[in-house]
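What follows is one structure encoded as structure tokens, with my remarks underneath.
The values are calculated or read from the model by the stated rules, or taken from the named source; none is laboratory data. What you see is a predicted model; the values in this text were computed from it and never measured. Cβ: placed from backbone, ideal geometry, glycine included. Neighbour counts: every protein chain shown.
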Amino acid sequence: MGLVAASRTRDFVVAAASTLVFLLAAQATLPALLPLSAVYDQRLRYEYFKDNHANLDVVLRAIKEEIDRQDIDDYIILLGDSVAYSALSSPAESLTVYLEEAAGSRVFCLAQPSMQIGDIYTVVLKLKEAGISTDHLVINLLYGGFLARTPYPPVVFWLEPDLRRLDPETYARIATHLAAARLDPALAPPKTADARLDRLVSDRLYPRVMPLAYRDFIRSSLLRLAIGADLKPETFDPRPWTEKAHLPALLEQDQYQQAFRDTPFVLDDTNPQVYILERLMAATTGKQVLLFLSPVNQPLMRANVRKPGYQENLRRIDVYFARKTEGVLGGLTYLNLEHAVPDRYFADHLHLTGAGHRLLAGMLWQALAPAFGTDRSVPSPDVKPSAGGEGI
């Protein structure tokens, strides 16, 4: 019996040692072995982000590996919400693709639907932590982001734990607002020992142990090989808005109307949007940061955007950024594109068609090109970007 027990002990030790060696090898080599395309196709797919925010860290590691492997310089990082994500278009017709085509430089999109300015700022901090350059940032902003939050929507929608870790001072400043506006039950403190253990494993172990961190993407790749289909396919409707008869009634719902209210903006640091914008601009001083107010489908939203209070709010945004771009933060550029895109390029009230993304990419590149030492630009038929005011 002693020999049998010794043999079992030896087998267990060998198995445990082999497993440990495998995990250590995977930890060291997995990021370098997996191509960027395994986790990123012009963007991190929303289906993989919304269910597991740590997948953003996987993509950041993969982008860093790609940059180092190919020795890429002067790349552009695209940040924002569903507008920058190109939510109603395929990856092949996204803003990322057309901006990359216009610039002749790599563009990496880290935008996600529903991201607020606090999420965008947190991604900037995560870029710095990952060793990814923030020299060239393009960020979309929405009119609705400047409205008073009463308390919804939270100024950090997805990445609250990351902001708390990376910038405790900013987090403390907005913690009361976030507590009042919090929607994500996953952020509520666990109540049982088992739930606390699950949270600990999810927050601390999965993102850092590579075979676990990549599990969603590895599982997806294996399933595609096995059954020839994706269990989480992207869904989008790229048709022009004029082909969607349901839109006018849908946009009358309060969840859409509240983003176009004409309540007067208060553009000081008591507004969480402004406070975090100030933090973002301070964190990127001397970098090329292009902030653009996203285009809006003017005919579709006519009843909202023609209100005097709405137009006055747009003017206040222009004045705010005019002050910020006067020399002190020399790399900062602001474009008010609220009126800059004709309605035929829209898929709904905010999101563009593929042709709209090509048009928008040309406008953005015209503002970016000087910093890249080139005057090459993409002609934009019948439209011009506006540095402020009503544009076309």
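Can you find a residue that is of a type in the set (F, W, Y) and in contact with a Leu (Cβ under 6 Å, 6 or more places away or on another chain) anywhere in region 245-268?
no
Quick one: in region 69-116, of everything that is acidic (D, E), surrounded by fewer than 23 Cβ atoms within 10 Å (Cβ to Cβ) and out of contact with any Phe, Trp or Tyr (no Cβ under 7 Å at 6 or more places or on another chain), which residue is farthest from T134 (Cα to Cα)? Lay out the reasoning, then the answer.
Residues of region 69-116 that are acidic (D, E), as a first pass: 71, 73-74, 81, 93, 100-101.
Adding the requirement that they be surrounded by fewer than 23 Cβ atoms within 10 Å (Cβ to Cβ) leaves 71, 73-74, 93, 100-101.
Filter once more, keeping what is out of contact with any Phe, Trp or Tyr (no Cβ under 7 Å at 6 or more places or on another chain): 71, 73, 93, 100-101.
Details: D71: 16, D73: 12, E93: 25, E100: 16, E101: 20 Å.
Filtering region 69-116 for residues that are acidic (D, E), surrounded by fewer than 23 Cβ atoms within 10 Å (Cβ to Cβ) and out of contact with any Phe, Trp or Tyr (no Cβ under 7 Å at 6 or more places or on another chain), the one farthest from T134 (Cα to Cα) comes out as E93.
Before we move on, is A367 at pLDDT 90 or above, aliphatic (A, V, I, L, M) and out of contact with any Cys (no Cβ under 6 Å at 6 or more places or on another chain)?
Yes; evaluated as a whole, the condition is true for this residue.
In region 101-132, how many residues are over 12 Å from the mean Cα position of the chain (by Cα) and without any contact (Cβ under 8 Å) to a residue 60 or more places away in the chain?
Count: 3.
Could you pull out every one of the helices (runs of 4 or more DSSP H) wholly within region 130-240 that has 3 or more residues that are modelled with pLDDT under 75 and touching a helix residue (DSSP H, G or I) at 6+ places or on another chain (Cβ under 7 Å)?
210-213
Just one of (1) farther than 27 Å from A347 by Cβ; (2) exposed (fewer than 15 other Cβ atoms within 10 Å of the Cβ); (3) over 24 Å from the mean Cα position of the chain (by Cα) trips up R306, so point out which.
Condition (1) is where R306 drops out.
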